[in-house]
Structures are given as C-alpha cells and as structure tokens.
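Read through the structure below, which is laid out as structure tokens, and then see the notes.
The values are calculated or read from the model by the stated rules, or taken from the named source; none is laboratory data. Bear in mind the structure is a predicted one, so any value in this text is a computation, not a measurement. A quick note on method: Cβ atoms are made from the backbone with ideal geometry, for glycine too, and the neighbour counts reach across all protein chains shown. Ligands, DNA and RNA are excluded from the accessible area calculation, which covers all protein heavy atoms including side chains. Shrake-Rupley method; radii C 1.70, N 1.55, O 1.52, S 1.80 Å.
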Amino acid sequence: MADLVQQLLARPGRYVGAAQRPADEGEPDVARIEVSPLPGGSGAMLSYEVLSARGDVAHHEHAVVARSSAGIVLVTSHTHADITTVVTEAAGEPGWFPAADGTAPFPMAIRIEVPEPGHLVYSWSYGWGDQPLAVRDVADVRVVD
C-alpha cells in the first residue's frame, strides 16, 4: 500500500467539500484544501481553509506532510495557536498524527485519509481546557481541478 505522501502526490490540486463538527447537526461549513507537491517528491504542502456559513474564516492552516529520517511528519501552523507544531505519524497507524504531551499548545491530533485518489478526509481532534482529546472537526473534500 502507498504511504500517505504517495497518496497525496498522486492527485495534487484544489479540493472542496463540507466541514462539519461531528456533534453539530447544523449547516456544514465549506472546506478548501490545496495540495501541492514539494520539490523532489518528498512530500506535499496543504493549504487548508474553512469558511463558516456566515462567511467568516473559521480555520486557516498551512501544513506540510513529508518523509523525513524519522518517518512521515506533519508540520502545521494554524489560526488557533501562535506556534508551529511538528508531529510524527504514529507507528502502525497511517495518516494519524497525535502530538506528544508538551509538543503542542493544546492536546491535539490530526488524521489525514485518502479513501481514493481525489478524495481527502482531514480530521482535527483536540481538547480545550479540561476537555479530553476528541474528534471535533472533519473536512470531507474532493478534487475540483
């Protein structure tokens, strides 16, 4: 099976779809993820944005998923923190990037799935304050160009 980097590089482009909080039954937001290859085929850059139904930018993130000497890593900078987080893919769990204690501004994990070429599911799990880590935001997007 291809690793996550290979799957992302197989279909770069603009992806658009719904962003939803699993516990929210309201109108979904709109997610847009631009996937671009890194030089040398070592990874992909993802520019991820969520627009709320009101037209506000609810989430803005730039991430890199790349092969490194330590395995596949995710480097993410987003609007919910003033630091960049570097996370290594969990052993035996392709696409799962849980931040180790003390390495992120809050408990967080990101899951990136490629069910088929041209289809991404990008999930954020996090805890605020005393809340436990839980899946809170899911973008289900498909390539449009």
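Summary table below
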| item | result |
| --- | --- |
| The stretch 1-30 residues that are without any contact (Cβ under 8 Å) to a residue 24 or more places away in the chain and among the polar types (S, T, N, Q), paired with ones that are assigned to a strand (DSSP E or B) and loosely packed, with under 15 Cβ neighbours inside 10 Å (beta carbon under 9 Å, 6 or more apart) | none |
| Criterion violated by THR84 - all others in (1) open to solvent by 70 Å² or more (accessible area, probe 1.4 Å); (2) closer than 21 Å to GLU34 by Cα; (3) of a type outside the set (Asp, Glu); (4) in contact (Cβ under 8 Å) with a residue 12 or more places away in the chain satisfied | (4) |
| Number of positions in the stretch 24-40 that are out of contact with any strand residue (DSSP E or B) (no Cβ under 8 Å at 6 or more places or on another chain) and open to solvent by 50 Å² or more (accessible area, probe 1.4 Å) | 5 |
| Whichever residue in the stretch 10-23 is open to solvent by 50 Å² or more (accessible area, probe 1.4 Å) and aliphatic (A, V, I, L, M) and, among such residues, is farthest from LEU51 (Cα to Cα) | ALA10 |
| Complete set of residues in the stretch 95-124 that are open to solvent by 20 Å² or more (accessible area, probe 1.4 Å) and touching a helix residue (DSSP H, G or I) at 6+ places or on another chain (Cβ under 6 Å) | VAL114 |
| Tabulated pairs, the stretch 87-110, first free of Cβ contacts under 8 Å to residues at least 24 places away in the same chain, second open to solvent by 60 Å² or more (accessible area, probe 1.4 Å) and not hydrophobic (A, V, I, L, M, F, W, C), C-beta under 7 angstrom, 6+ apart or interchain | TRP96/ARG111 |
